[in-house]
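Trainee: Next up is a structure, given as structure tokens.
Since every read-out is calculated from the coordinates, none of them should be taken as a lab result. Fair warning: this is a prediction, and the values are worked out from it, not measured in the lab. Here the Cβ is made from the backbone with ideal geometry for all residues, glycine too, and neighbour counts use every protein chain on show.
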Amino acid sequence: MISPAVANSADVCATLLMRLTGQGLDPGEVHRLVKDVYGLLRNGGAFTLAGINEALTRMGWYPDVMDTMTLELLMFLLESEFSMRIETHTVH
């Protein structure tokens, strides 16, 4: 997970935007993707990257639109800017 001690929201937002526009999304689509992921996570529960991508595919996104780093960037923003509490667990 990205540490708040080494990142600020503006840098993370810029990095997220660059990563997703680099995948071919336009800024409006990035905004919609952030809203869609927020909608998936906002009520809590257990999620995996694969599960999030499956849900996003059902919503019309291309398969595997989220990768690990992109999801971590987005979770950092949701925690820091929207006060979401997100617990992460590493499974080996």
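Trainee: Identify the residues of the stretch 46-78 with backbone N under 14 Å of a label point that sits 7 angstrom from the Cα of Met18 along the Cα-to-Cβ direction, or state none.
Mentor: Only 70 pass the distance filter.
Trainee: Same structure, new question: Taking 0.36 nm per residue of separation and subtracting the Cα-Cα distance, what length does fully extending Phe82 through Asn43 add? Before the final figure, lay out the partial values.
Mentor: On the way: separation 39, 0.36 × 39 = 14.04 nm, distance 1.33 nm.
Stretched fully, the Phe82-Asn43 segment lengthens by 12.7 nm.
Trainee: Turning to a different aspect of this structure: Quote the relative contact order of the chain in percent (integer), defining contacts as alpha-carbon pairs under 8 Å separated by 6+ residues.
Mentor: 36
Trainee: To the nearest 0.05, what FRET efficiency results for Glu54 and Asp11 with a Förster distance of 30 Å applied to their C-beta separation?
Mentor: 0.50
Trainee: Still on this structure, I have one more. Select one label from (i) -0.64, -0.80, -1.16; (ii) -0.93, -1.01, -1.11; (iii) -0.72, -0.91, -1.36: the one whose number is log10 I(q)/I(0) by the Debye sum over Cα atoms at q = 0.17, 0.19, 0.23 Å⁻¹ as derived from the coordinates shown.
Mentor: (iii)
Trainee: Still on this structure, I have one more. Tell me which DSSP H helices of the chain clear both cut-offs, 15 Å or more of axial length from alpha-carbon atoms and a mean Kyte-Doolittle hydropathy of at least -1.0.
Mentor: Working: long enough: 9-22 (19 Å, 0.93); 27-41 (21 Å, 0.11); 68-82 (20 Å, 1.05).
Correct list, ordered by number: 9-22, 27-41, 68-82.
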